[in-house]
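Take a look at the structure below.
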Amino acid sequence: MTTEPTTGASLDALPAATTTPGALLGALPSSLPEVRRAARLPAGFAAGAVAAGIKARGGLDLAVIRAIGGPAAAAAVFTTNQVAAAPVQASRTNLAITRPAGRGGGTDHFGRAQAIVATSGCANAATGLAGLADQVAIAQAVAVHFGVDPLGVLSLSTGVIGTRLPVERVVVAIINLATAGLPSTDAGFLAAAEALRTTDSVTKLASATVALPGPDGAPVPVTASGIAKGVGMIHPRMATMLAVVLTDAAVSPATLHGLLRAATVRTWNQLSVDGDTSTNDTVLLLASGASPAAPIVPRSPEASALGTAIEAVARSLARQQAADGEGATTLITCQVSGGRDDVDARAVARAVISSSLVKAAAHGRDPNWGRIAGAAGNARLGEVRLLEMAGLAHADACARAGAPAFVDPDLMRIAIAGHLVYDGAAGGPVAFDRAAARAAMDVPDVLVRLDLGLGAGTGEAFGCDLTEEYVIENAEYTT
């Protein structure tokens, strides 16, 4: 079990031997709580997994997570891909039906949930009404055999697009899982994480704890814990890959949704492996209310504290996904300061880690700052929905959607792995020890730092290098 760094990037501080001016562009500070890479199942949930025969190579491929104390508050963000998979359609519908009357709508996905069913090895995307019927049948089986309302079942699927789920085998596996009983243990949650995996080389886990007031005002621990899968077909648009985050906090669905949206903007929407947004991208956040902490009031300090735990978990999972990108050898973290606002800074960070040229340079340990500068200059803001998620008013979001992020090369500074390589205010290119910079890049996690010199905006994004192995793996994915 390892501890996720908590000071902004994997490079918490530049190496002590670094004496170049690049030390002035160290990692951005962070106030997020410590994260443990461990499966810690919060109180109020049970989880387990079984082999259903979906994956051709065998292994765990069906997971169920259940809220054991009654319906949990639930919130979600989903893919913006117009070829939305059947599990996305089914989950959207159920959340809309269970959403509190008069609250939310449109892309505000929150409500109540009693169970999550996840399958891997088949995306059940682009399968038409038959595929949707398959997904509903699986949710119905979970409802019957685990004793929950079918409208309270949320669905996740991942795998090859255009194939249908083997419903009969899945139902048998659900019956077997229900008969054995779901454990309320960390081991059950770990099994669920393993069942999510397809081409992932490692299981992705993260957990954080914050202290919130109990009924008598004394602090009690509240846990947020997450699992995720995803190493390819990942690009920042509304959500990426599959993730489940659970907490034992007592919080309303609407408040939970606000916390998830804010965390997603700064983490999963800042993640890119290959520039492709999947048909199945889903992040689910459930709150059981089983902690002895007092119920969370919207926009309170307690809500903010819970939000930091959720964001810390989301950030760790996103970084694990980028580091495990298909064929990847290097995690690229780009941190940007000095933006006109956070929206601009995040757009620049996304542009840098999404650049194929930057990704290739990182693989070759080439401190080619020109590619970073070019990517920054190409940065554009996202679509209206993404900007609204970031907190912009609708009119402002409409006005800025798709617009270039503001970058002035005469003010910008760039550092790669602790080496200052460009300083616009000092004339541009900076003489630096290229061999030392290459050596500093020869690590599993490379930090790229930009300061735009325009304001107080900050942002970060996570990507990975582009390798020959990525092409080989995706050339043979379905065979």
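The values are calculated or read from the model by the stated rules, or taken from the named source; none is laboratory data. As the structure is a prediction and not an experimental result, all values here were calculated from the model. Note that we place each Cβ from the backbone using ideal geometry, even for glycine, and neighbour counts take in every protein chain shown. Surface areas here come from the heavy atoms of the whole protein model, side chains and all, with no ligands, DNA or RNA. Shrake-Rupley method; radii C 1.70, N 1.55, O 1.52, S 1.80 Å.
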**Report entry** Scope the range 394-412; condition buried (at least 21 other Cβ atoms within 10 Å of the Cβ) and not in a helix (DSSP H, G or I); matching residues
**Finding:** ALA405, VAL407, MET412
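A quick yes/no check of all residues on (1) open to solvent by less than 10 Å² (accessible area, probe 1.4 Å); (2) farther than 12 Å from ALA39 by Cβ; (3) out of contact with any helix residue (DSSP H, G or I) (no Cβ under 7 Å at 6 or more places or on another chain):
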| residue | (1), (2), (3) |
| --- | --- |
| ALA173 | yes, yes, yes |
| ALA180 | no, yes, yes |
| ALA187 | no, no, yes |
| ALA192 | yes, no, yes |
| ARG197 | no, yes, yes |
| SER201 | no, yes, yes |
| ALA206 | yes, no, no |
| VAL210 | no, yes, no |
Report summary line: Checked pairs for the range 163-186, first closer than 21 Å to GLY44 by Cα, second in a helix (DSSP H, G or I), C-beta under 7 Å and 6 or more apart or across chains, list as ILE174/ALA141; ILE174/VAL142; ILE174/HIS145; ALA178/HIS145; ALA178/PHE146; LEU182/GLY188
Report task. Can you run down the residue pairs with Cβ atoms below 7 Å, 6 or more apart or on separate chains, where the first is in the range 468-479 and more than 7 Å from GLY327 (Cα to Cα) and the partner is of a type in the set (D, E, K, R) and at pLDDT 70 or above? Result -> GLU473/GLU326; ASN474/GLU326
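Taking the options GLY325, GLY391, name whichever one is at pLDDT below 95, crowded, with 22+ Cβ neighbours inside 10 Å and more than 16 Å from ARG449 (Cα to Cα). Explain how you work it out, then say what you get.
Values: GLY391 fails: crowded, with 22+ Cβ neighbours inside 10 Å.
Just one listed residue meets the conditions, GLY325.
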Query raised in the report: Is it the case that the range 223-241 has a residue that's surrounded by fewer than 24 Cβ atoms within 10 Å (Cβ to Cβ) and at pLDDT 95 or above?
Result: yes
Query raised in the report: List the pairs whose first member sits in the range 287-312 and is in a loop (DSSP other than H, G, I, E, B), whose second member is of a type in the set (Asp, Glu), and whose Cβ atoms are under 6 Å apart, counting only residues at least 6 apart or on separate chains?
Result: SER288/ASP248; ALA290/ASP248; SER291/ASP248; ILE296/GLU302
Query - Whichever residue in the range 328-359 is among the polar types (S, T, N, Q) and open to solvent by less than 10 Å² (accessible area, probe 1.4 Å) and, among such residues, is nearest to THR458 (Cα to Cα) - result: GLN335
Query raised in the report: Is it the case that the range 85-101 has a residue that's more than 15 Å from VAL170 (Cβ to Cβ), buried (at least 24 other Cβ atoms within 10 Å of the Cβ) and of a type in the set (Ser, Thr, Tyr)?
Result: yes
Query raised in the report: Can you name the residue in the range 300-322 that is polar (S, T, N, Q) and crowded, with 22+ Cβ neighbours inside 10 Å and, of all such residues, is farthest from PRO221 (Cα to Cα)?
Result: GLN321
Query raised in the report: Does the range 433-440 contain at least one residue that is touching a helix residue (DSSP H, G or I) at 6+ places or on another chain (Cβ under 7 Å) and not in a helix (DSSP H, G or I)?
Result: no
Query raised in the report: Which number in (1) among the β-branched types (Val, Ile, Thr); (2) open to solvent by 10 Å² or more (accessible area, probe 1.4 Å); (3) closer than 20 Å to MET389 by Cα marks the one condition that VAL244 misses?
Result: (2)
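Does LEU259 satisfy the criteria of being in contact (Cβ under 8 Å) with a residue 40 or more places away in the chain, open to solvent by less than 10 Å² (accessible area, probe 1.4 Å), touching a Leu at 6+ places or on another chain (Cβ under 9 Å) and at negative phi? Working first, answer last.
Details: in contact (Cβ under 8 Å) with a residue 40 or more places away in the chain: yes; open to solvent by less than 10 Å² (accessible area, probe 1.4 Å): no; touching a Leu at 6+ places or on another chain (Cβ under 9 Å): yes; at negative phi: yes.
So LEU259 fails the test.
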Query raised in the report: Give me the pairs: first residue in the range 361-381 and part of a loop (DSSP other than H, G, I, E, B), second residue open to solvent by 50 Å² or more (accessible area, probe 1.4 Å) and modelled with pLDDT under 95, beta-carbon distance under 6 Å, and six or more apart or on different chains, which are they?
Result: none
